[in-house]
Amino acid sequence: MFVTLFKIRSYQDLQVLEAIIHRLVSIIKQQMARAEKIVYGFHNKVTLLISLSSADHISSITKLLDSIIKEWNRKDGPPLSAGIGNSYYGVENIRKSYDEAGKALSYLTEQNRPGMIRYGEIGLNRFFLNQKPEEIERFLNEIFSPLWSHKAKKNELEKTLLVYTNSNRSAIQAAEKLHIHINTLYQRLKKIEEALNLSFNNTEDMLKIELACHLKRTFNA
C-alpha cells in the first residue's frame, strides 16, 4: 500500500474550494475505478490510499496519477501538486507512507511547483524540509555574499562556482559551459578560494560548497 496526497495550492473562496475538491475526488475515482483504494477530501487536500496486489503495478499507477495531475493543470484548474509515499506491506505502515507523501508534497510547496513527486525522488532534500527558509537563506548568504562584493562582473564568480560544482568539478566541462578559456576558469576558481577563504582540495570545504550550491539550485532557485 502507499499514500498519495494532493493539494490545491491556491484558492479564494471556501465554498468554491469545496466544489473543486469534490470534483477532484470524482476524477480520481473515475480514472482509477479498477484500483483498490480509499479516497477522501478535506479542506484543500485529497488523500488517496491505494492497495496493490503486486509491487509491479506501482509504475503504471504512478503514471496514471501523473496523467491526472497534468490534465488537471492543463485545463487551467487551480494549481495542483501531489506527493507520493513509498509502498509498504501491512496496515501498520500506512502512517509511514502518509508522512513520506506529506514531506514530498512539502518539497513541491517550498519549490512553488505544481505536478507530482515521489518521496524517493527528493533525495538529499528530505533533510532540509523542516529547516526554516530564513535559516537556509542565512547559510547561503554566508557562502555566496563574499563573491558578490568581489571586484568582478555581477554574479560572475557565483555562476562560475555553480557551473563548476554542477559539472562534477570538471574544469574542461565547466569552461565549455561558461564559454571561457580554461585558464580563465582557473583564475576565477582561485579568486573564489581567496574570497571564501577555503580550498577546493579540502574535503570539508568542498562538502560545504557542494551543499551550498545544491541548496542554491533547489530551495533558493
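Every read-out reported here was derived from the displayed coordinates using simple, explicitly stated rules and does not represent laboratory data. The structure displayed is predicted, hence computed values, not measured ones. Every residue, glycine as well, gets a Cβ built from its backbone with ideal geometry; the counts of neighbours run over all protein chains shown.
Summary of values
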| item | result |
| --- | --- |
| Peptides ranked, highest mean first, by Cβ atoms within 10 Å: ranges 52-59, 178-185, 191-198 | 191-198, 178-185, 52-59 |
| Only Lys, Arg (+1) and Asp, Glu (-1) charged, at Cβ; the chain dipole about Cα centre in debye | 480 |
| The chain: radius of gyration and largest Cα-Cα distance (Dmax), Å | 22.1, 63 |
| Alpha-carbon centroids, the range 156-221 and the range 38-71: separation in whole Å | 40 |
| The range 2-128: C-alpha gyration tensor shape, a/c 1.5 cut-off, then a/b vs b/c | oblate |
| Share of pairwise Cα separations in the range 133-217, more than 14 Å, in percent | 62 |
| On Cα atoms only, tilt of 182-196 relative to the major axis of the chain in degrees | 80 |
| Partners for K216 among lysines (Cα-Cα distance below 18 Å; same-chain residues under 8 apart left out) | K132, K154, K159, K208 |
| Cleavage-rule hits (trypsin sites (Lys or Arg not before Pro)) in the range 1-82: DSSP loop, at most 11 neighbouring Cβ within 10 angstrom | R34, K75 |
| Nearby lysines by direct alpha-carbon distance to K75 (threshold 27 angstrom, same-chain neighbours under 8 apart not counted) | K7, K29, K37, K45, K63, K103 |
| About the Cα centre, charge dipole magnitude for the range 1-81 (Lys/Arg +1, Asp/Glu -1 at Cβ), debye | 80 |
| Full-extension gain in nm, N168 to R23, via 0.36 nm per residue minus C-alpha separation | 47.6 nm |
| Two-site label geometry, Y40 and D99: point separation in nm, points 7 Å out along Cα→Cβ | 2.1 |
